Each structure stands twice: as C-alpha cells, then as structure tokens.
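See structure below.
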Amino acid sequence: MQPLGGAPESALDGPAAAGLPATAPAAPWTCRCDAIVWFARPPSTRRLAAGAGGQLPGRPLLVAGALISYADSPVGPYHEVLGLLAGFDRRGPVATVPFIAVDSAASLVGGRQNWALPKAFAHFHGGSMAAAGGGPMTAAGAGWTVTATATAGGPAVPVRLAGRLRQRWPDGGWRSAGLAGRARAHPALVRVTVASAGPLAGWLRPGRHPGMLLRQAEFSLAAPDG
C-alpha cells in the first residue's frame, strides 16, 4: 500500500499494513451513521503545517473534529475519528482530512484506496450511544487519544450535507470527491480532550467547542475526479 501524507498520528506502521486485505469496495460509498461533530478556529499556519503532513492545500477557515458510529456502510458497521480542515473555493464547501482512524481493516483499505484518506487503526469506547448524546466517546491509537462528550442544546432540525473532500494523492496531485446526504442535527456544546505524543493537540485542540449531534445521517461519497 502506497504511503500517504497526513498527520503523524495517521501513520500506518509495517505490521499493521502487512495484515490488511488487498482490496475493499470501490467508490461511491453510501453510509448511515450517528456522530459527534465540533468546530474550532484554526491555529497558526506553522502548527497546521506540522500537523497536516502535506495535507494542507491552503489556509482553512475552520477546523472540525468528529467521532462517528457507522450503522451501515459497504464494509459493515464501524467507528471513526477524524480531524479536518474546511473552507470554500469557487465550487463551494471543501474539506481536507489529515487525521483519521477507524476500527475496521476494510474501511482503512477503502479509505486509502478510494480517496487517499490516511486512515490508521484505533480502538473505540462509547460507541453509538455516545454519538447519539448518551455519554463520552473515546478513540485511542498509537500514542494518542481523543475523547468527546456532547451536550445537546436544542431540538433536532433536518440538515443537508453537501461539499467536497479534497485529498493529496501519492503522485502529488489533489483530487476531489463529492459528498451529499442528510441528517437530523441537534446543536450541542462538545467537551473535547486530545492527548498525543505528536502535534495533534496543536491543531485539533482540546476544550469546549460549539458543535452538533448528527443522528440518522445518510450520505454518499463519490469517486474522486481525475
């Protein structure tokens, strides 16, 4: 499997890579999930560059984090944690994901092969109840942990999910994939703790952040252009 740029915490070591399946379902993927999502202002460009590991196309407008519990996907149920850099270009909302980890080997391979997402392995505690607002959810990987606890602050409203994922591929080029879907969203205050031996906490910062609980989310992520 070709190496990808991304956060040091998303590095895939040799023993983990050796045990992966050779292939995974091709894009597009359609998924159903619940999620805790939070938003923060980006830190300095220096910190972003250190943490993004080449996955930094420009100066983002915000940083977002998410802990996600997938009820259904082309590779079955699994859990995911990610940190993304979001902004706008002439085509609308766009996001780049330098940090992402899952507890599914098939999802890891699919993310790397289909979209150049630098997925690594993590263990998760809290699961779907936490993503639905029932308590803390924690992801832990090699030398890092991320925990989020969301407190809903209002009734759920229907929201449309739309935008593009833009990642840097091993050949150095950037490719985009469209995302579209829908969910029910509760506004929330999210308490986040991040600990890492690397630079993760410098840009996916701990603290209290505005966010939302996404429930009954359904979305499709297309194959990338190019």
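The values are calculated or read from the model by the stated rules, or taken from the named source; none is laboratory data. These numbers come from a predicted model, not from an experiment. FYI the Cβ positions are ideal-geometry reconstructions off the backbone, even for glycines, and counts take in every protein chain you see. With ligands, DNA and RNA removed, areas are computed over all heavy atoms of the protein, side chains included. Shrake-Rupley method; radii C 1.70, N 1.55, O 1.52, S 1.80 Å.
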Selected residue (only one of P74, P98, P118 is farther than 20 Å from L213 by Cβ, in contact with a Cys (Cβ under 9 Å, 6 or more places away or on another chain) and either touching a residue at least 40 places away in the same chain (Cβ under 8 Å) or not hydroxyl-bearing (S, T, Y) (or both)): P74
For the stretch 22-41, state whether one or more residues are closer than 22 Å to T193 by Cα and of a type in the set (D, E). yes
Of all residues being over 14 Å from the mean Cα position of the chain (by Cα) and crowded, with 21+ Cβ neighbours inside 10 Å in the stretch 60-77, which is farthest from E218 (Cα to Cα)? Just the residue, please. P60
Can you find a residue in the stretch 95-107 that is surrounded by fewer than 23 Cβ atoms within 10 Å (Cβ to Cβ), modelled with pLDDT of 95 or more and over 23 Å from P170 (Cβ atoms)? yes
Looking only at the stretch 184-200, count how many residues are hydrophobic (A, V, I, L, M, F, W, C) and surrounded by fewer than 16 Cβ atoms within 10 Å (Cβ to Cβ). 3
Looking at the stretch 213-222, which of its residues are buried (at least 19 other Cβ atoms within 10 Å of the Cβ) and at pLDDT below 95? L213, L214
Which one of these is open to solvent by less than 50 Å² (accessible area, probe 1.4 Å) and over 29 Å from T193 (Cβ atoms): G135, G173, G111, G181? G173
What's the number of the condition R166 fails, among (1) touching a residue at least 40 places away in the same chain (Cβ under 8 Å); (2) open to solvent by less than 40 Å² (accessible area, probe 1.4 Å); (3) not acidic (D, E)? (2)
Need pairs with beta-carbon distance below 8 Å; first residue surrounded by fewer than 21 Cβ atoms within 10 Å (Cβ to Cβ) and within the stretch 33-59, second among the polar types (S, T, N, Q); sequence gap 6+ or separate chains. L56/T96; P57/T96; R59/T45
Residue, modelled with the lowest pLDDT, within the stretch 4-55, restricted to residues that are more than 15 Å from the chain's Cα centre (by Cα) and at positive phi: G54
So which of R160, R164, R215, R191 ends up being assigned to a strand (DSSP E or B), in contact with a Pro (Cβ under 9 Å, 6 or more places away or on another chain), closer than 23 Å to S73 by Cα and of a type in the set (K, R)? R164
With the checklist (1) closer than 21 Å to A185 by Cα; (2) open to solvent by less than 20 Å² (accessible area, probe 1.4 Å); (3) in contact with a helix residue (DSSP H, G or I) (Cβ under 6 Å, 6 or more places away or on another chain); (4) at pLDDT below 95 in hand, flag the one item G87 doesn't pass. (3)
In the stretch 17-32, which residues are over 14 Å from R112 (Cα atoms), touching a residue at least 60 places away in the same chain (Cβ under 8 Å) and either touching a helix residue (DSSP H, G or I) at 6+ places or on another chain (Cβ under 6 Å) or not in a strand (DSSP E or B) (or both)? G19
